[in-house]
Amino acid sequence: MYLKMLKAAAAGLVLAVSSVANAGLIEADYTDAGDNLAVSDTVSSLTWLDLSVSNDWTFANWESFIARGMGWRLATAQEVADLFNAAFPTFSAVHGAIGGVDTTDSALIQNFTDFRSLFGTTTLNGGGVDTYGLYFTANNVIRMMGASAWAGTSRIFSTNYSGSTSETSSGLYIVRNTPTTASVPEPATIAILGLGLLGLAARRTKKQ
């Protein structure tokens, strides 16, 4: 009976480690503990400001609003592209090249629901259905990435945007390097340690 319990515990440990390893984008804090106004990318070690926070900011004035001394900066085009791929991992397989696409793909719609939950809503079309952000390419072209939800479809963007730098109905992609903290063991290391302890416990039980 005890051995069965140990096996169940081992299986649970493996599943828990897997979920940690695949966490990817998770809620984080902006200025206050628990405000959930930022998003941590555990793969790239970047922290993103919620788009809802920067919705009324422009490229000209964002630095006057952002919390000082925390290392925030405008994201690069490559960083935004990497975020898109992390948020919408099946997009290219479903739709190919990134652009303005109306989709009924249930997985992508769920991706957008999760994306909006993390990054908040913006006001491009109103009604709480948008999550859009602007960024500059290396050639200083304004581009937009985000999505809307309309009657069961999500429109996912990463296209040239023809608006002005004073646009205030979309957020800005603002990012910083995630601050380093005390060293935390890798999930695989935790799994090995946990399974080893379970093995020792099983061996001791057999001897008794």
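Relative contact order of the stretch 58-130, taken over Cα pairs closer than 8 Å and 6 or more residues apart, is 17 percent.
By the beta-carbon count within 10 Å of each Cβ, the least crowded to most crowded order of L108, L74, L134, fewest first, is L74, L108, L134. Charged side chains reduced to their Cβ positions (Lys and Arg at +1, Asp and Glu at -1) give the stretch 26-178 a dipole of some 320 debye around its Cα centre.
Under 5 Å between amide hydrogens, built in the peptide plane, is the criterion, and for T159 it picks out M144 among residues at least 5 positions away or on other chains.
Coordinate-derived values only; no laboratory data. None of the values given here were measured: they were computed from a predicted structure. Heads up, the Cβs are rebuilt from the backbone with ideal geometry, glycines too, and the neighbour counts pull from every protein chain shown.
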